[in-house]
Structures are given as C-alpha cells and as structure tokens.
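Have a look at the structure below, then the notes.
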Amino acid sequence: MIAADYAKALYQLGEKADMKNLRTMLARRGHDKLLPQIYAEYEKLSVAAKRLEMHKAITPEKERTRILVDLYKKLINAH
C-alpha cells in the first residue's frame, strides 16, 4: 500500500521530515489524496512504538515477578 510506505518513510525520518514539502511532493506525484491515509498509517506506527516502549519498561512488579519465577525454577530443579 502506497500510503503505508509513505508513512513508514516519514516515521523513519522522524524530526528530520519536512512536512511543508510533503503536500507539494504528493501533489507532484498525483498522490495528494492519500494524505489522510498516510496520516492514519503514521498514527498507527506512532501508537505501536509507544505501546512497545510501555511493554518494554521494567516496572517493580515485573522485576518482582521475574525474581519469584527464577526462585521457583531453582526450587523445582533442586529436588
């Protein structure tokens, strides 16, 4: 999908992306009607990245659970 490709490219550029020239470039290529779809795909990528960061974060509860699981495995393997 063309809109997804544009969104991936914009997301990878990050803050380097020149949004002012985006509409001009899309119009030049005849893809200016894809702008709402590109925005939707970009938002999906952004939300996915935020969720990934949230799930990767080590919280005290996750650390406690990891330690308990390790202790449980050691206890089970000791017998």
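Every number here is computed from the coordinates shown, using simple stated rules; none is lab data. Source: prediction; values computed, not measured. In this analysis, Cβ positions are derived from the backbone assuming ideal geometry, glycine residues included, and neighbour counts consider all displayed protein chains.
Helix-derived [θ] at 222 nm for the chain: sum -39500 (n - 2.57) over DSSP H runs of at least 4, divide by residue count, nearest 500? Display every interim value, and only then the final one.
Values: 4 runs with 64 residues, N = 79.
Roughly -27000 deg cm²/dmol at 222 nm, from the helical runs in the chain.
Most exposed first by the Cβ proxy, i.e. fewest other Cβ within 10 Å, how do GLU15, GLU61 rank?
On the way: GLU15 4, GLU61 8.
Ordered from fewest to most neighbouring Cβ atoms within 10 Å, GLU15, GLU61 come out as GLU15, GLU61.
Counting only other residues whose beta carbon sits under 13 Å from that of TYR72, what net charge do I get with K and R as +1, D and E as -1?
Working: positive: ARG64, ARG66, LYS73, LYS74; negative: ASP70.
Summing Lys/Arg as +1 and Asp/Glu as -1 gives +3.
Sort TYR6, TYR72, TYR42 so that the residue with the fewest other Cβ atoms within 10 Å of its own Cβ comes first and the one with the most comes last. Don't skip to the end; give the middle numbers.
Working: TYR6 22, TYR72 10, TYR42 19.
Ranked by crowding around the Cβ, least crowded first: TYR72, TYR42, TYR6.
Could you grab the relative contact order for the stretch 1-78? Cα pairs under 8 Å, six or more apart, rounded to a whole percent. List each step's numbers first, then the result.
Details: 24 pairs, mean separation 29.7, N = 78.
It comes to 38 percent, rounded to a whole number.
Report the label-to-label distance for ARG23 and MET1 in nanometres (one decimal), using points 7 Å from each Cα along the Cα→Cβ vector.
2.3 nm
Using 1/(1 + (r/R0)^6) with R0 = 30 angstrom and r between the beta carbons of LYS33 and LYS56, what's the FRET efficiency to the nearest 0.05?
Taking R0 as 30 Å, the efficiency between LYS33 and LYS56 is 0.25.
Normalized C-alpha radius of gyration of the chain, against 2.2 N^0.38 Å? List each step's numbers first, then the result.
On the way: Rg = 21.9 Å, N = 79, 2.2 N^0.38 = 11.6 Å.
With N residues counted in the chain, Rg over 2.2 N^0.38 Å equals 1.89.
In what sequence do HIS31, HIS55 fall when counting other Cβ within 10 Å, fewest first?
On the way: HIS31 15, HIS55 8.
Exposure proxy ranking, most exposed first: HIS55, HIS31.
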